[in-house]
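Visitor: Just passing along the structure, written as structure tokens.
Every number here is computed from the coordinates shown, using simple stated rules; none is lab data. Note that the structure is a prediction, hence the values are computed from the model and not measured. Neighbour counts run over all protein chains shown; Cβ positions are idealised from the backbone, glycine included.
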Amino acid sequence: MTFDEAVYEYVKRVPRGKVTTYGMIARAIGHPRASRQVGNALHRNPTPVVVPCHRVVNREGRLAPAFAFGGTEVQARLLEEEGVEVNGGYVDLRKYCWEGK
């Protein structure tokens, strides 16, 4: 499995109404220092409906400033449609973070 495929498989497991971070994905797939590469893989996501990359935020809960599929407004809307509160471009990780299981 390639790095990108591992990222996509992990992101597919993030439940509706939850988010995860680039760093958490990197650690979960065995590349703890590759959070930037996770972001790059998500930017290339060939199937955004299947791989819900809108559920990935940075370590502070901030939405992606260059969300590849429409910008932060689209990412916020997609998250809010799933019940995730977005305030000032941030998600409360204490409330919405999924740590993988």
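Visitor: Relative contact order for the chain: what percent, with Cα pairs under 8 Å and sequence separation of 6 or more?
Guide: Dividing the mean separation by the residue count of the chain yields 31 percent.
Visitor: Something else: Calculate the radius of gyration of the Cα atoms of the chain to one decimal place, then report Dmax, the largest Cα-Cα distance, as a whole number, both in Å.
Guide: Here Rg and the maximum Cα pair distance are 12.1, 37 Å.
Visitor: Another question, if that's okay. With a 10 Å radius around each residue's Cβ, average the other Cβ atoms per peptide and rank 3-9, 71-77, 54-60, 42-48, highest first.
Guide: On the way: 3-9: 17.7, 71-77: 16.0, 54-60: 19.4, 42-48: 14.4.
Packing proxy ranking, top to bottom: 54-60, 3-9, 71-77, 42-48.
Visitor: Say we join alpha carbon atoms closer than 10 Å with springs in a Gaussian network model of the chain; which of A41, A66, A26 then has the biggest fluctuation?
Guide: Of the options given, A66 has the highest mean-square fluctuation.
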